[in-house]
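Scroll down for the structure; my scribbles are underneath it.
The values are calculated or read from the model by the stated rules, or taken from the named source; none is laboratory data. Since this is a predicted model, take the numbers as computed values, not measurements. So basically every Cβ, Gly included, is an ideal-geometry build from the backbone, and we count neighbours across all protein chains shown. The accessibility values were calculated without ligands, DNA or RNA, using every heavy atom of the protein model including side chains. Shrake-Rupley method; radii C 1.70, N 1.55, O 1.52, S 1.80 Å.
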Amino acid sequence: MYTCRNRNLSQSMKNFKPEKRLEHSNMKSTINLYSLKKLSLGNVYVEKQMLQNLVSCCPSIEHLTLEYCVGLKKFHAHAPLKYLTILTLDELETVYIEGSSIRNLDYCSIGEELGEELGEIKVNACPNLRVLSLTGASITDQCLYDLGTKFPHLQTLYLSHCNMLETVHISSPSLNMLRLRFCKKLREAEIDTPNLRNFQVYS
């Protein structure tokens, strides 16, 4: 699981410019990666349609990593992805995750200051999600309600610099690891997790 821990990273990336630009005009006709299971894109310029075309050329893809890709405003993840890692600056406005195939989601959003609320992330209809890691995500208390119903197999929950959280209720019979780190507005947490083995809180 990748986690963003460097508070100075946003400053060092302030003048970041992508090294490459993905062109998509003839992508579908020129790329056929039927057996590809893992794809990583880092420091490149990529737009929504470019990424959709690229992923559609990889019908077996299970692992997708996007690191500091410029130009991408919205991203919709669905089957057959199982493992998704997103490290973003302040350009990505909306991330929508859905699908029974998703097992592991690691999302880290970095603004001028780590923890600044930037884009919106929605995670729906992911009954097989095992690991959920959110850093700098604009999630509210309501997003964590009915966690056990939404994600009945969730084992690991990691929330860091999620500064819209204030009073949370986390209930999950499957959860065995919970980390709450530097959610500066969080003042109350009710935890109902009978199988929890590892619990960490940093204020």
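Some observations on this one:
- Residue in the stretch 52-75 that is surrounded by fewer than 15 Cβ atoms within 10 Å (Cβ to Cβ) and among the aliphatic types (A, V, I, L, M) present: no
- Considering the conditions (1) in a strand (DSSP E or B); (2) aliphatic (A, V, I, L, M); (3) modelled with pLDDT of 90 or more, residue 121 is excluded by exactly one of them, (3).
- Odd one out for residue 89 among (1) touching a Phe, Trp or Tyr at 6+ places or on another chain (Cβ under 9 Å); (2) at pLDDT 90 or above: (2)
- Of all residues making up the stretch 124-148, the number that are modelled with pLDDT under 90 and open to solvent by 30 Å² or more (accessible area, probe 1.4 Å): 4
- In the stretch 100-118, residue nearest to the chain's Cα centre (by Cα) [restricted to those that are at pLDDT below 90 and surrounded by 18 or more Cβ atoms within 10 Å (Cβ to Cβ)]: 109
- Among (1) in a strand (DSSP E or B); (2) modelled with pLDDT of 95 or more; (3) not aliphatic (A, V, I, L, M) - the single one residue 173 does not satisfy: (1)
- Any hit, the stretch 160-181, residues being surrounded by fewer than 20 Cβ atoms within 10 Å (Cβ to Cβ), basic (Lys, Arg) and in contact with a His (Cβ under 8 Å, 6 or more places away or on another chain): yes
- Odd one out for residue 40 among (1) open to solvent by less than 40 Å² (accessible area, probe 1.4 Å); (2) modelled with pLDDT of 55 or more: (1)
- Residues (closer than 18 Å to residue 103 by Cβ and aliphatic (A, V, I, L, M)) located in the stretch 136-177: 147, 154, 157, 175, 177
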